[in-house]
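Below is one structure, written out as structure tokens; the observations come after it.
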Amino acid sequence: MYLQGVGPKKAEVLKKEIEVVSWEDILYYFPYKYIDRSKIFKINEIDGNMPYIQLKGKILNYELQGEGRARRLTATFCDDTGHIELVWFRMLKQIPDLYKVGTEYILFGKPTIFGHRINVAHPELETESKFYEGEVGVQGQYNTTEKMKSAFLHSRAIQKIITQVLENIKEPLPETLNETLINKVCLISIDEAIRNIHFPKSSALLRKAQFRLKFEELFYLQLNILQITKYREKRLGGLLFTKVGDYFNNFYHKNLPFELTNAQKKVIKEIRRDTNSGKQMNRLLQGDVGSGKTLVALLSVLLALDNGFQGAIMAPTEILATQHYETINELVRGLDIQVALLTGSTPKSRRKIILPMIKSGEIQILIGTHALIENVVEFDNLGLVVVDEQHRFGVVQRAKLWKKNTIPPHVLVMTATPIPRTLAMTVYGDLDVSVIDELPPGRKPVKTLHIYSKKRNKLYHSVRKQLQEGRQIYIVYPLIEESEKTDLQNLQEGFEITKQIFPEYKVSMVHGKMKPAEKEAEMQKFVSGETQIMVATTVIEVGVNVPNASVMIIENAERFGLSQLHQLRGRVGRGADQSFCILLTRYELSENTRRRLAIMTETNDGFVIAEEDLKLRGPGDIDGTQQSGIAFNLKIANLSHDGQILIIARDFAQEILASDPMLEKAQNLVLKDQLNKLNKQRQVGWFMIS
Ligand code: ADP
Ligand code: MG
């Protein structure tokens, strides 16, 4: 507030908009890109592809245009080669006083082309003398919000505030890493890094500054995760599963309908080792859709039973929980194992019966939804919890599980949404990871086609052939919260149209707004083959298993994320027949969308898809990380591009903690202080991760 050119009003905006309240805060408000501001263009050099332009010229005149909300101020700006139009939608009254007609200005902004006219909205304008007071070489550009712009806090203004702050700090900035680390990783000092990230003396120094700051950010992130994990391992013991007994063996030899794949065997071995180690198992099992995770879940639960414990399997939806219940009941038939189902819609009368049986240990395997972590559900001796499709499952719930026994039960988290390595190391940094990288034999990879909606008639022809051969079909519509109403209408219409197009077949419909019992009944009809076509929203996304379904049609595929498309595609290709996934879209698509759809048609590999998804969307959007309540809050590092730095940072964090787990050595005190400080700043955030 006391800096020249800031004052109470702008200080308030900085606080509200970007949470900047101190000198330190603004020094850590890094540019999002760099541009060369030494170059001044001529108007006749401009083309529509330039991300920004810098011109020297004068304003000829102003004109107010439009009415009401469309009201805007325009100006003609010219140099000796031509003229362009400037537009303002805010501050219409003040602008002509601020920027005078006839005065020479340096203009900076983003050009847009309308027909043959070039237009720059909300340009930055400075007189020449003011301009040359500032920095004119390679310049950082700062993100600014609408409100900041209205308060004249555009990028250039931020830069000036930072200049002042740096001029006011005479001493070098206090170091935030220790000397050993700086030397080993060849980092520049924090002082040099901060100064160069804002005002790069050269592109080499800019790169070094970026490396230093990214490294530091990821280093502290990893240090935090690893320290918490270590602490938990030390504090919490683990239940011991020492033997493989009758439940496991009888199932394996009498009931197992097929040979396990090698990948399944490998994972079972890993789980055996974990549960026999004296530590609590926290394992993430990644396996593509259809890779046979349910069986791994069951085998692990049987291990728990063999050692006198109960097991639980938790699924994100009622449909999925019910399906698991049925599958598992079927699989353990004749083995004298008590299995029960508990979901939100389990009636009170039924609860009254099963809750005491869970408490007494009579029920050995409990399957259900979130309902099973409610406080009223008490176990006799819960040994293992399997959490299926965890991307619908919050971190808080995971912590609740640990409280279900005096020594926390082992936890196996299963997901078909492959998590890129860098994310896994961060989001699930405290989990060990197993991978099933092999599908059961005899599966044919699903063929994926991208088709424009206009050509859907041809598609229906092929679909009818599949139906005639006795196959079943899914048709999925997007349903996204904001546009829920129209989406539901689309679904409803789709349902009617489908019935008209295929009058000789029966059609089911499910969506999230239906009552669970209704939904269940419709789903069941499709599972049993009573209906041949399922029109649905993404509620069928996870887990549903109908091996006879061979075609997945996705309407408005452009509106789905890559992982979601991959999940949906996983609903088919579960039997021995060739299956198809059809992505229907309109013809006009953005470059990014085309790329996404192309990836789907090119590969069935969930890991490749997850990596591409991360690149295209950035980690903030990856399914589930938001719901898990994890705010990354990274200021400069980018998990999709800085994986290499992340790995180095993790290795160093590991090395330091190995010799000094509590960071008590003199040379590590600076790390401890900095970590504490960061944790305080990010009240929600990293601590939540474990
Ligand atoms: P997901 O990993 O997607 O949860 P599921 O556990 O639902 O996969 O398994 C998909 C299908 O594969 C099921 O019908 C299951 O019976 C079958 N399956 C699982 N393991 C094997 C195996 N080793 N050999 C043959 N089929 C298997
Ligand atoms: Mg599954």
Top-ranked residue in the stretch 516-531 [being in contact (Cβ under 8 Å) with a residue 40 or more places away in the chain and over 29 Å from residue 601 (Cβ atoms); ranked as surrounded by the fewest Cβ atoms within 10 Å (Cβ to Cβ)]: 517
Lone qualifier among 48, 109 - being surrounded by 11 or more Cβ atoms within 10 Å (Cβ to Cβ) and among the small types (Gly, Ala, Ser): 109
With respect to residue 465, determine if the residue is away from ligand 2 (no atom under 16 Å from the Cβ) and modelled with pLDDT under 90. no
Identity of the residue in the stretch 271-299, of a type in the set (S, T, N, Q) and either in contact with an Asp or Glu (Cβ under 7 Å, 6 or more places away or on another chain) or within 14 Å of ligand 2 (Cβ to nearest atom) (or both), that ends up farthest from residue 415 (Cα to Cα): 282
Residues of the stretch 246-270 satisfying the condition of being among the hydroxyl-bearing types (Ser, Thr, Tyr) and in a helix (DSSP H, G or I): 247, 252
If you go through the stretch 325-336 one residue at a time, do you hit one that is under 23 Å from residue 283 (Cβ atoms), more than 16 Å from ligand 2 (Cβ to nearest atom) and in the same structural domain as residue 431 (by TED's automatic domain parsing)? yes
It is to be established whether one or more residues within the stretch 192-200 are in a loop (DSSP other than H, G, I, E, B) and surrounded by 18 or more Cβ atoms within 10 Å (Cβ to Cβ). yes
Would you check if residue 569 is within 15 Å of ligand 1 (Cβ to nearest atom) and within 23 Å of residue 454 (Cα to Cα)? yes
Against the conditions (1) surrounded by 16 or more Cβ atoms within 10 Å (Cβ to Cβ); (2) closer than 21 Å to residue 141 by Cα; (3) among the small types (Gly, Ala, Ser), where does residue 22 fall short? Just the number, please. (1)
Between residues in the stretch 650-665 that are farther than 13 Å from residue 224 by Cβ and residues that are at pLDDT 90 or above, which pairs lie under 6 Å by C-beta distance while being six or more apart or on different chains? 660/668
Could you give every pair whose Cβ atoms fall below 7 Å, whose first residue belongs to the stretch 156-175 and is on the phi > 0 side of the Ramachandran plot and among the charged types (D, E, K, R), and whose second residue is in a loop (DSSP other than H, G, I, E, B) and modelled with pLDDT under 95, counting only separations of at least 6 or pairs across chains? none
For the stretch 652-672, how many residues are in a helix (DSSP H, G or I) and loosely packed, with under 13 Cβ neighbours inside 10 Å? 5
Here are some conditions: (1) surrounded by fewer than 11 Cβ atoms within 10 Å (Cβ to Cβ); (2) more than 26 Å from residue 118 (Cβ to Cβ); (3) at pLDDT 90 or above. Residue 2 meets all but one. Which one does it not meet? (3)
For the stretch 519-554, how many residues are under 24 Å from the mean Cα position of the chain (by Cα) and at pLDDT 95 or above? 1
Can you name the residue in the stretch 614-646 that is modelled with pLDDT of 80 or more and under 21 Å from residue 176 (Cβ atoms) and is also surrounded by the fewest Cβ atoms within 10 Å (Cβ to Cβ) among such residues? 635
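Here is a yes/no grid of residues against (1) part of a helix (DSSP H, G or I); (2) more than 29 Å from residue 322 (Cα to Cα); (3) at pLDDT below 95; (4) in contact with a Cys (Cβ under 8 Å, 6 or more places away or on another chain):
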| residue | (1), (2), (3), (4) |
| --- | --- |
| 429 | no, yes, yes, no |
| 448 | no, yes, no, yes |
| 514 | no, no, yes, no |
| 517 | yes, no, yes, no |
Out of 383, 442, 344, 361, report the one residue that is surrounded by fewer than 22 Cβ atoms within 10 Å (Cβ to Cβ), over 25 Å from the mean Cα position of the chain (by Cα) and at pLDDT 95 or above. 361
Hey, can you tell me all the residues within the stretch 532-563 that are farther than 17 Å from residue 601 by Cβ, within 16 Å of ligand 2 (Cβ to nearest atom) and not in a loop (DSSP other than H, G, I, E, B)? 538, 539, 540, 549
Within 16 Å of ligand 1 (Cβ to nearest atom), free of Cβ contacts under 8 Å to residues at least 40 places away in the same chain and of a type in the set (Val, Ile, Thr): is that true of residue 328 in this structure? yes
Checklist (1) at pLDDT 90 or above; (2) surrounded by 20 or more Cβ atoms within 10 Å (Cβ to Cβ); (3) of a type outside the set (Asp, Glu) applied to residue 413, failing item: (1)
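The values are calculated or read from the model by the stated rules, or taken from the named source; none is laboratory data. This is a predicted model, so every value here is computed, not measured. Using ideal geometry, Cβ is built from the backbone for each residue, glycine included, and neighbour counts are taken over all protein chains shown.
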